[in-house]
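These notes concern the structure reproduced below.
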Amino acid sequence: MSRSKSPAAQRFLAHLRRARELHSEVIAEGGLGPQHEVLSRWQSQRLASTYTDLASQRRYEKAIDFFLTDLYGTEDFTQRDADLERIYPIIVRALSENALESLALAVELHALTRELDSELVQALQRKQIDITRHPDALDQAIYAQAYRDCDNRDLRLRQIELIQETGEMLDEVVGHPLIFFTVRLVRAPAHAAGLGELQKFIERGLGAFKQMKGATHFLQTIHNREMFILKEILSGGPLSDWSADAFND
């Protein structure tokens, strides 16, 4: 079987194209709107609060930063995704099936997160809540109500599963020294070809998981807390404190 026809390579390409479609939709609507940016900042702050205990430990600090910045971040990843699609033929020849799978999962997580954010913004707009003019109006209760209004439980479960799957695959990939050798070998050519952002993204992800020396506790903690928050939101009942301190009581 040609490497480009392998299951991981096909999923990787499909998610890259989905990310491009989402970006095209955003451009057609006038670019990443201010409400998306406010929502992304709010969610990033929530996640940072939920995982301050992990971020404070040297073993996990880079991994938390990778998830908050590179997968859930407020930055525009259009160039990175375009770079990935541009060198797709090279990637599928150079990387192992597991490495390709980890990239496919990361791109899927990013694309799904953007899609879910758009649905949340639309839910807020239907309620005539303008978080651009009044960012302080977005609080835990309003966020939870908009979340329920989207009625996309299965996609939210998939988002949590993707965090787990991406992390498990990266944890497996970093156990192979040849991966790091290959990534370092192409660092200079990647920057010379204008692929610096993509190169840094890959290096940050691999470096974060290598530093952990085992991601089981890290990934289980994220899975348990995100599932708790999801169930609490969907229950429609009173909301608890989602900070790391509350989970450690």
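The values are calculated or read from the model by the stated rules, or taken from the named source; none is laboratory data. For clarity, every value in this text was computed on a predicted model and none was experimentally measured. Heads up, the Cβs are rebuilt from the backbone with ideal geometry, glycines too, and the neighbour counts pull from every protein chain shown.
Summary of computed values
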{"item": "Failed item in (1) farther than 22 Å from residue 212 by Cβ; (2) of a type outside the set (A, V, I, L, M, F, W, C); (3) at pLDDT 90 or above, with residue 133 passing the rest", "result": "(3)"}
{"item": "Hits in the range 123-143 (condition: closer than 16 Å to residue 41 by Cα, assigned to a helix (DSSP H, G or I) and not β-branched (Val, Ile, Thr))", "result": "124, 135, 136, 137, 140, 143"}
{"item": "Residues of the range 212-237 satisfying the condition of being part of a helix (DSSP H, G or I), surrounded by fewer than 15 Cβ atoms within 10 Å (Cβ to Cβ) and either touching a residue at least 60 places away in the same chain (Cβ under 8 Å) or touching a Lys or Arg at 6+ places or on another chain (Cβ under 8 Å) (or both)", "result": "227, 234"}
{"item": "From the options 123, 144, 106, residue that is at pLDDT below 90 and not basic (Lys, Arg)", "result": "106"}
{"item": "Subset of the range 147-177 [modelled with pLDDT of 90 or more, more than 21 Å from residue 243 (Cβ to Cβ) and more than 16 Å from the chain's Cα centre (by Cα)]", "result": "148, 149, 150, 151, 152, 153, 154"}
{"item": "Some residue of the range 42-57 being within 18 Å of residue 243 (Cα to Cα), among the charged types (D, E, K, R) and either at pLDDT 90 or above or surrounded by fewer than 15 Cβ atoms within 10 Å (Cβ to Cβ) (or both)", "result": "yes"}
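To keep it simple, each residue is scored yes or no on (1) at pLDDT 70 or above; (2) closer than 19 Å to residue 223 by Cα.
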| position | (1), (2) |
| --- | --- |
| 13 | yes, no |
| 31 | no, no |
| 39 | yes, no |
| 61 | yes, yes |
| 65 | yes, yes |
| 70 | yes, yes |
| 73 | no, yes |
